[in-house]
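Asks: Pasting a structure below so you can have a look.
The numbers here are math on the coordinates, done by the rules we state, and not lab data. None of the values given here were measured: they were computed from a predicted structure. Here the Cβ positions follow ideal geometry from the backbone for every residue, glycine too, while neighbour counts run over all protein chains shown.
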Ligand SMILES: *Cc1c(COP(=O)(O)O)cnc(C)c1O
């Protein structure tokens, strides 16, 4: 049992027992019957069987022990809490990671994703492919006291940072892993049992705990991750083929395309592609015109869902051109999505 879809479909499910449900529901209790010694479950902030089922499934994909958190940011917060000195973050990665490190008054050094990640000390939290720029960093070359990689865009099917030398992998499971736009969730995985224990203790003390319902919905969504990624990547490739030759588009990025500057490194370390690409139109008005003309592409932040969406990242303060769109290819029929994107681009004045 090692194929992507088999792990996604079967991961975290208990062995068969006559009369037990094939699809167990979420355990919603905050309190559990006590005994001496304490049973594994005793209070909902410390542990929950529905979390553990999903942690088993994600851990098997990441190749480590998974600790679930209430959100991707809660997971990043838990990683930053491991720092006992300087912290290195990407200058072009997810903006709230930098904001949180500032809030915590950490001693932060910023390095661009395409910069030099060797010879670093302290906690290093890299992100590849970076959000929103989609630059790619060779994970095996990163050095640091403790190396963590934000794997949100790739998902554990797209990339296995722990196998490439990282100590920790962190992700927002709000995106493709859950995949239906109805859950906020995150996780950290590691092969080091001491780090896993520190992360669990941080979760219990900080209270950054996921809801059982969210964990259950994410586990249900995970079953189709392989299928969804396949269609999303197929759709992204087809959308890139439209945008790269369209006169309204001045730039585009998708590491899966041979002409993308990150493709060579991406091919070396990534296992497969996903649906996240960027393209740039003249300005914010051009993006508005594109979105108004499209019937399938929602104007929405976040990515990795079954519905295609587009987000103008300059809106959120990312240091990118005003007309840059982060496009998340969904699971629509490829022909329909291509026709819609082409028509919407044609409508840009
Ligand atoms: C969305 C995102 C996060 C934050 O995750 P939430 O689940 O929204 O808290 C962190 N890193 C990356 C790369 C993201 O895209």
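Asks: Order these peptides, 249-261, 126-138, by their mean beta-carbon neighbour count within 10 angstrom, highest first.
Replies: Ranked by mean Cβ neighbours within 10 Å, highest first: 126-138, 249-261.
Asks: Next up: Quote the relative contact order of segment 144-194 in percent (integer), defining contacts as alpha-carbon pairs under 8 Å separated by 6+ residues.
Replies: Once divided by the residue count of segment 144-194, the mean separation gives 34 percent.
Asks: Something else now. Please check which bits of segment 178-214 a label hung off residue 316 would reach, taking the label as a point 7 Å along Cα-to-C-beta and the cut-off as backbone N under 18 Å.
Replies: 178-187
Asks: Now for a separate question. Normalised by the residues of the chain, what does the relative contact order come to in percent, with Cα pairs under 8 Å and at least six apart?
Replies: Reported as a whole number, the value is 17 percent.
Asks: Helix 284-293 versus the longest principal axis of the chain: what angle, 0 to 90°, nearest 10, using Cα atoms?
Replies: It is inclined by approximately 80 degrees.
Asks: Now a separate question. Taking the inverse of the average 1/r across all pairs of different Cα atoms in segment 170-327, what Kirkwood radius in Å do you get?
Replies: 17.5
Asks: Here's a follow-up. Over the C-alpha atoms of segment 32-171, what are the Rg and the largest Cα-to-Cα span, Dmax, in Å?
Replies: 16.4, 54
Asks: Specify the angular offset, from 0 to 90 degrees and rounded to the nearest 10, of the alpha carbon long axis of helix 225-243 from the longest principal axis of the alpha carbons in the chain.
Replies: Once rounded, one gets 20 degrees.
Asks: Which of 148, 215, 237 ends up with the largest GNM mean-square fluctuation for the chain, with Cα atoms connected below 10 Å?
Replies: Sorting by GNM fluctuation, first place goes to 237.
Asks: Pull up the DSSP beta bridges for segment 114-197 and report the antiparallel fraction as a percent, rounded to 5.
Replies: Of those bridges, close to 40 percent are antiparallel.
Asks: Relative to 2.2 N^0.38 Å, what does the C-alpha radius of gyration of segment 1-115 come to as a ratio? Two decimals please.
Replies: Rg over 2.2 N^0.38 Å, computed on Cα atoms: 1.42.
Asks: Follow-up. What full-extension length gain, to one decimal in nm, is calculated for residue 23 and residue 282 as 0.36 nm per residue of separation minus the Cα-Cα distance?
Replies: 88.3 nm
Asks: While we're here: Please give the direction-averaged projected area of the C-alpha convex hull for segment 251-314, in square nanometres with one decimal.
Replies: The directionally averaged projection comes out at 5.2 nm².
Asks: Using label points projected 7 Å from each Cα along Cα→Cβ, tell me how many nm separate residue 346 and residue 307, to one decimal.
Replies: 2.5
Asks: Right, here's the next one. For helix 212-222, report the angle its Cα long axis makes with the longest principal axis of the Cα atoms of the chain; keep it between 0 and 90° and round to the nearest 10°.
Replies: The two axes meet at around 50 degrees.
Asks: In what sequence, highest mean first, do 298-304, 51-57 appear when ranked by Cβ atoms within 10 angstrom?
Replies: 51-57, 298-304
Asks: Follow-up question, since we're still on this one. Once R0 is set to 22 Å, what does the formula 1/(1 + (r/R0)^6) return for the Cβ-Cβ distance between residue 109 and residue 271, expressed as a FRET efficiency to the nearest 0.05?
Replies: So the FRET efficiency works out to roughly 0.15.
Asks: Of the DSSP beta bridges with both residues in the chain, give the percent that are antiparallel, rounding to the nearest 5.
Replies: Expressed as a percentage, antiparallel bridges in the chain total about 60.
Asks: Using alpha carbon centroids, what distance separates segment 323-338 and segment 143-191, in Å?
Replies: Each part reduced to its Cα centre gives a spacing of 23 Å.
Asks: Calculate, for residue 43 and residue 180, the FRET efficiency according to 1/(1 + (r/R0)^6) with r their C-beta to C-beta distance and R0 30 Å; round to the nearest 0.05.
Replies: The calculated FRET efficiency here is 0.55.
Asks: When 1/r is averaged over all different Cα pairs and the result inverted, which Kirkwood radius in Å belongs to the chain?
Replies: Answer for the chain: a Kirkwood hydrodynamic radius of 20.8 Å.
Asks: For residue 56 paired with residue 143, estimate the spin-label separation in nm (one decimal), with each label point 7 Å from Cα along the Cα-to-Cβ line.
Replies: 4.1
Asks: Sticking with this structure for a sec: Å³ per residue of the Cα convex hull, for segment 164-207?
Replies: Roughly 74 Å³ of hull volume per residue.
Asks: Picking from 230, 308, 189, which is most flexible by a Gaussian network model of the chain using Cα springs under 10 Å?
Replies: Of 230, 308, 189, the most mobile in the Gaussian network model is 230.
Asks: As a footprinting exposure proxy, order 311, 4 by other Cβ within 10 Å, with the fewest listed first.
Replies: 4, 311
Asks: Based on the mean of other beta carbon atoms within 10 Å per residue, what is the order of 20-26, 176-182, most packed first?
Replies: Listed from highest to lowest mean packing, they are 176-182, 20-26.
Asks: In addition: Note down the nm distance, to one decimal, between modelled labels 7 Å out along Cα→Cβ at residue 34 and at residue 241.
Replies: 6.4
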